[in-house]
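The structure under discussion appears below in the form of structure tokens.
The values are calculated or read from the model by the stated rules, or taken from the named source; none is laboratory data. Worth saying up front: this structure is predicted, and the values here are computed from it rather than measured. Glycine gets a Cβ as well: all are built from the backbone with ideal geometry, and neighbour counts include every protein chain shown.
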Amino acid sequence: MIRGKAVVLGDNVDTDGIIPARYLTSTDPKELAKHCMEGLDPHFLERITPGATILVAGKNFGCGSSREHAPLAIKGCGIVAVIAASFARIFFRNAINIGLPILESEEAAFRIREGDMVSIDLATGEIHNETTGEVFKAQPFPPLLQEIIAAGGLMNLVEKRVRTNS
């Protein structure tokens, strides 16, 4: 179960808005996190409680370039999951590959408000707005994707499997 307070963004948040291109010289999640969303909201990081924030956005989240720096910056600043009405496909895959849980639910994306307490069950795809009592449904994560998320990303899972089989 993932749990956190909602921080809400709008539609069409692109990868350059998530992490501006001038910061792509680093792949360190903590360094990228310092600049996460700075062009969209200069106070964004003040709204985040590391380890206890769920980002909620509208349609087409993560559109733009295919840079994996965008989900790295989000994860690096301590966001535990992203819920959106829809995601750009390459962003979706990049997020899974680095172990950032993301769920598509148009209803949840448009009904969850800033500051609502939200919990997510990846196995069932249920999103609970604990503040309002509403329950929303997203596509549950298949076992392999749950394993990737639990390991903290695809490379971590591969390393774990290699160590286990050695």
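Some points to look at:
- Filtering the range 130-164 to residues that are of a type in the set (S, T, N, Q) and touching a residue at least 40 places away in the same chain (Cβ under 8 Å) leaves only ASN156.
- Of all residues making up the range 74-94, the number that are of a type in the set (Gly, Ala, Ser) and out of contact with any Phe, Trp or Tyr (no Cβ under 8 Å at 6 or more places or on another chain): 3
- Hey, ALA73 modelled with pLDDT of 95 or more, closer than 20 Å to LEU157 by Cα and not in a loop (DSSP other than H, G, I, E, B) or not: no
- Filter result (under 16 Å from VAL8 (Cβ atoms) and buried (at least 19 other Cβ atoms within 10 Å of the Cβ)) within the range 100-115: ILE102, LEU103, SER105, ALA108, ALA109, ILE112
- Scanning the range 76-96 for residues that are farther than 20 Å from ILE112 by Cβ, out of contact with any Lys or Arg (no Cβ under 7 Å at 6 or more places or on another chain) and surrounded by 20 or more Cβ atoms within 10 Å (Cβ to Cβ) gives ALA88, ASN94.
- Residues (more than 24 Å from GLU106 (Cβ to Cβ) and either of a type in the set (A, V, I, L, M, F, W, C) or in a loop (DSSP other than H, G, I, E, B) (or both)) located in the range 49-70: THR49, PRO50, GLY51, ALA52, SER65, ARG67, GLU68
- Residue in the range 156-164 that is in a helix (DSSP H, G or I), within 27 Å of ASP14 (Cβ to Cβ) and out of contact with any strand residue (DSSP E or B) (no Cβ under 9 Å at 6 or more places or on another chain) present: no
- Filter result for ALA95 (within 10 Å of the chain's Cα centre (by Cα), free of Cβ contacts under 8 Å to residues at least 40 places away in the same chain and assigned to a helix (DSSP H, G or I)): yes
- Residue that is surrounded by the fewest Cβ atoms within 10 Å (Cβ to Cβ) [pool: residues in the range 14-24 that are touching a helix residue (DSSP H, G or I) at 6+ places or on another chain (Cβ under 9 Å) and assigned to a loop (DSSP other than H, G, I, E, B)]: LEU24
- Hits in the range 110-152 (condition: farther than 30 Å from VAL162 by Cα, out of contact with any Gly (no Cβ under 6 Å at 6 or more places or on another chain) and not in a strand (DSSP E or B)): PHE110, ARG111, ILE112, ARG113, GLU114, GLY115, ASP116, GLU130, THR131, THR132, GLY133, GLU134
- Test: residue in the range 55-68 that is more than 23 Å from ALA123 (Cα to Cα) and either free of Cβ contacts under 8 Å to residues at least 12 places away in the same chain or hydrophobic (A, V, I, L, M, F, W, C) (or both): yes
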